[in-house]
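The values are calculated or read from the model by the stated rules, or taken from the named source; none is laboratory data. Please read all numbers here as calculations on a predicted model, not as lab measurements. So basically every Cβ, Gly included, is an ideal-geometry build from the backbone, and we count neighbours across all protein chains shown. Remember, those area values only see protein heavy atoms, side chains included, never the ligands or the DNA or RNA. Shrake-Rupley method; radii C 1.70, N 1.55, O 1.52, S 1.80 Å.
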Amino acid sequence: MASRASSEAPTHGTPADIPALPKLGRTWYKRGALYWLCRARTTTFLIILMVVVSVFALELYGGFTSEWSPTVRLVWNWVTGIASCGALVWGWVQQRREHHRALLDPPTPAQTIQAKRDHNRQAPARAFAGRWMVLLLVPVLPALAAYTIGWLTAWTTVREYPSEVGARRWLQEHPSGT
C-alpha cells in the first residue's frame, strides 16, 4: 500500500487497486483530461489509418479498372459506389450491434488484457495473409474499405467501451482489488 506522502496514494473514495486497461491505463476510472487525450490519440490514429486505407483502396481499384472499357468501368464504378455507401452503413450498424452485445456481458479486466494479448499475437499472421487477399478483392476493395471505415467510426464514437463497463463492475464486486 502506498504511503500518505506518495503520489500513488488513493484519494478519498478511490479504490486502491484500479486495474489498467489496454490503451487507457487507469485513466478510465476518473475520465479526466488524460482519459480524453487517450481517446483522442486513438481516434487520431484511426483517422489517419482510414485515410491511408481509403487512398490505397481507391488507387489500387483505379489501377485495376483503368484497363476496362469506359462503359464497363462506368457501370462498375456506379455499382461499387452504391455498394460502398451500403457497406459504410452496414459497418456502422454491425459495430453498434456488437457494442450493445458487449455491454450486456462486458469483459473483466483480466479478459480484456488476455483479448489484447491474443489480438497482438495473431495480428502479424493476419496482416501477412491479408496482403494476398487484397489482390483477389481489388474489384470490391472500395466497399471493403467503406465497411471498415463505418465500423471504426462507430467504434471510436461510443460513450464508453465495454472494457470500462466490465472494469467498473469488477471493481464493485472486488472493492479491495483482489
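Each label was represented as a point 7 Å from its Cα along the Cα-to-Cβ direction; for residue 56 and residue 99 these points are 2.4 nm apart. Keeping all protein chains in position, work out how much accessible area residue 21 exposes to a 1.4 Å probe, and write it in Å² to the nearest 10. Near enough 10 Å² of accessible area.
A crude spin-label estimate for the pair residue 43 and residue 108, with each label 7 Å from Cα along the Cβ direction, gives 3.2 nm.
Let's test the formula: R0 of 25 Å, r as the Cβ-Cβ distance of residue 173 and residue 116. What FRET efficiency results, to the nearest 0.05? Approximately 0.70, to the nearest 0.05.
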